[in-house]
Structure formats: structure tokens, C-alpha cells
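This report refers to the structure that appears directly beneath it.
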Amino acid sequence: MNNIQFIDLQAQRAYLGTKIDDAMARVLEHGRFIMGPEIKTLEANLCAFGKVERTVSCSNGTDAISLPLMAWGIGPGDAVFVPSFTFAATAEVVALTGATPVFVDILPDTFNMDPAHLELAIADVNREGKFTPKVIIAVDLFGQIADYPALKNIADANGLKLISDAAQGYGSSLDGKQAGHWADVVTTSFFPAKPLGCYGDGGAVLTNDAQLADIMESLRVHGKGSDKYDNVRIGLNARLDTLQAAILIEKLNIFGEEIEKRNVIAARYARELGDYVKVPTVLEGAISTWAQYTITATDREQKQAALKEAGIPTAVYYSKPLHQQTAYMNYPQGGNGLPVSDRLATQVFSLPMHPYMDEETQTYIIENVKRIFG
Ligand SMILES: Cc1ncc(COP(=O)(O)O)c(C=O)c1O
């Protein structure tokens, strides 16, 4: 079988017909490329979809995490707890504020932050007394919502803020509630390959805290005050482009439908492959956005090579947890090391996953995985 896509953005474009082109043409016509009317429309639509009061769109999913950290005044002397098994941005933004990322291990079945290990990490930081615990950033890795009821209890018990880095899991839910039900702030990325992606860089911050949202709106435009030339705080240039907002309005309209399609594909993978490989565990009551469909193998490279031979693309997220990476290896780790992150980094790889995968293509992938894992 030819040309199997890992993620098929062209199929989504075909499904949307001329909607994206029409939306872009409208922006070219009105010419308000910076903070044009589509920004407010998108933010309102994201509030409705994410069931939150305020959405601040921004330049990318990295700045989206910076904005609340900056708004809360997180900086030198503060500890921010992050999983090590994530994309670098989650910890990078913490280090950029001058605060210290403290690495926490993940659960082996959901790949998300381990609440018990988080408690150990907080206790370590408190005992050492060098840094003050301030924030927990949980990541909804591969599209699955983290265990927010447990994380929120820990945040409350320790007086910490809770951020959901939902770059991969925006739209995921637990018992019908999205992360914003528990987290002070939800951040997301509209990087093209994300479940809700645009055609360039983009991101958003969602919150029910109106005062925080006001500060983040100021921060994303250089710390502006009510007078454009009286900046009241040090900020960023972190606006979302109007063109990307126009694209996202169209994509958000079909996002709920796409999440359902992704879940049909994931359910079939689980049903057919469950006896051959370790398929992802979904928390009871959770709906994942399936940014990735990630399985494990102790001989990953051989398995990936055999699948490649059959024309099936795969990808590894992540081959090195952050605490093993050069820029991050000297930051503290909670508990006695991060054994689950260490192990999974050598074993995980992801199969093609997107809402437009046809049955025949999935059958071909499934048959080959069965043959190779036999
Ligand atoms: C978990 C996570 N956080 C943050 C980001 C950063 O998003 P962006 O690339 O839009 O800055 C990503 C993107 O890859 C991500 O996967």
C-alpha cells in the first residue's frame, strides 16, 4: 500500500472544501492582519468549546505557558513541577522565567504525571528549602487528559497553581469535564500537526480567572496598558495572526466531529491489536484526542524498521526525557530518579493516527503490526 500518512492534513483540507480558502480570502480582503476581527470570534468559540470564561489566543503553545507564569510573577527561587517525559517547551518556559523546573515521573500506563511521584517531589523541595513550590504543569500527553482530580487535590493541599499543558490534549475530557474544570489555566498549541492545528504557529490560554486573563492580554502585546504607548509591564510580542485565527474558526467547527472519528480509529486499534502489543490505557471516563497512538516495544528499532519496510510510517515521542537532555540535566528530579520516563523513552513509538484514515489503510496497518509483533 502506497503513501500512508502519519498525519494527513491534506485529507482534512479536502474535507473542508473551500472553507479555508474562503476564510483566508476574507482576511486578505479586510486587511486587518494583526488582531483582526477573527481573533475575537475564535476566542469566543474556544471559550464555548473549552467551557471556560476567557480565552487569550497567542503566538504558539510555548508562549501560551509563559503567559500565566509571567502573569503570576513566577521567577528566581520558585519551583515549578513538570513531567520529564514531554516536549521541551513545558520546562523551557519555566527556566526562561528564572524559576527552577523540578522533574516528575509519569505513570507507565497513561504516560501522564504520576501524582504519587509529584507528592515526593514537592516534599523533597520543601525539605531542602532552596526553592519555593509555586506551580504544577501537567501535560495531557498524546491527547489523554491527566489525572486532574488527583493533581488538583495535591495543588490545593500545597497552595500551588495548576496549569494543564493541553498542547496535545485540548478537547480531551474526564467524566465529561475538560481540564479547565480543575486547572487554573489550560494552554494549547495550534502547531499544524496538533489535533486542533492551524497552518503555522499558534496557541491559546484558557481560564476562568478574568483578572489573570486581563494581565495575559496585556503581556501578549508587550505589556500594554490602556494607553498604547504607556506599557505597564514587561511583556512579549505573542499575538496570534488573524489569518491563523480565520483558519482555526473553520477547523474548530469540525473539531468535535474529528475527535469522535479519532476515537473510532483508536478503538479499532485497541480491539484488534490488544492481544499483540501494549495498547494505550485510557482513564475510565476519559475521552482522548489521540494526538498520537503510542505503543511500546523492547526492540523498538527493529519493529519500526519492519513497519517502514511495509510502507508504514512511525515516530518516536520522546527518545530522551528532558532530565537526560543537555540543557536540563542539572535541574532537580523528584524522588529517587525517574525510572518510568527512562524506560518508556527506550520503548515508545507511535502509529499513524488521524481522523481521515480509511478502513482499508487501517486494516493494512493492523495486519502488518500483527504480523511483525506476531
Ligand atoms: C506538550 C507540549 N507542550 C508545548 C508545546 C509547544 O507548542 P508550540 O510548538 O506551539 O510552541 C508542544 C508542541 O509540540 C507540546 O507537545
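None of the figures in this text is laboratory data; all of them are computed from the coordinates on show. Computed from a prediction, not measured in an experiment: that's the story for all the values here. Positions of Cβ are generated from backbone atoms using ideal geometry, with glycine treated the same way; all protein chains shown enter the neighbour counts.
Here are a few things to note about the model shown:
- The chain: translational diffusion in µm²/s, Stokes-Einstein, Kirkwood Rh over Cα pairs, 37 °C, 0.692 mPa s: 154 µm²/s
- Calculated FRET value between N3 and V221, using beta carbons and R₀ = 51 Å, to 0.05: 0.75
- All-pairs Cα distance distribution in the stretch 97-230, expressed in whole percent, bin size 5 Å: 2, 10, 17, 19, 19, 16, 10, 5, 2, 1, 0
- Stretchable slack from A48 to A123, in nm (0.36 nm times residue separation minus alpha-carbon distance): 23.2 nm
- Once the Cβ-Cβ distance of Q10 and A157 is raised to the sixth power relative to R0 = 56 Å, the FRET efficiency obtained is 0.70.
- Label-point separation in nm, N237 to T326, each point 7 Å along Cα→Cβ: 2.9 nm
- 14 Å cut-off, amide nitrogen to a point 7 angstrom out along A95 Cα→Cβ, residues in the stretch 103-136: 103
- Here, P(r) means the percent of Cα pairs in each 5 Å bin from 0 to the largest distance; for the stretch 35-87 it is 4, 15, 18, 22, 18, 12, 8, 3, 0.
- Structure note, pairs K130/K161; K19/K228; K51/K152: Cα-Cα distances above 24 angstrom occur for K19/K228.
- Trypsin sites (Lys or Arg not before Pro) within the stretch 214-264, DSSP loop, no more than 11 other Cβ atoms inside 10 Å: K228
- Global geometry of the stretch 278-334, whether rounded, prolate or oblate, following the gyration tensor of its Cα atoms and the 1.5 cut on a/c: oblate
- Length gained on full extension, A305 to E257: 13.9 nm, using 0.36 nm per residue less the C-alpha separation.
- Its residue count N fixes a reference of 2.2 N^0.38 Å for the stretch 202-307, and the Cα radius of gyration divided by that reference is 1.66.
- Packing-based exposure ordering (other Cβ within 10 Å, fewest first) of D140, D8: D8, D140
- Of K278/K308; K40/K251; K177/K251; K134/K320, pairs whose Cα-Cα distance is over 24 Å: K134/K320
- Rounded FRET efficiency, nearest 0.05, which uses the C-beta distance separating K177 from K130 and R0 of 41 Å: 0.70
- The stretch 134-193 and the stretch 283-300 have Cα centres lying 17 Å from one another.
- Normalising the average separation of contacting C-alpha pairs (under 8 angstrom, six or more residues apart) by the number of residues puts the relative contact order of the stretch 256-373 at 38 percent.
- Spin-label pair R271/K40, simplified geometry with 7 Å Cα→Cβ offset, distance in nm: 4.7 nm
- Highest to lowest packing among 181-190, 53-62, scored as the average C-beta count within 10 Å: 181-190, 53-62
- Volume in Å³ per residue [convex hull over Cα atoms, computed for the stretch 256-373]: 142 Å³
- Arranged from fewest to most other beta-carbon atoms within 10 Å of their beta carbon, H117, H222 become H222, H117.
- Ranked list, fewest to most other Cβ atoms within 10 Å of each Cβ, for F142, F87: F87, F142
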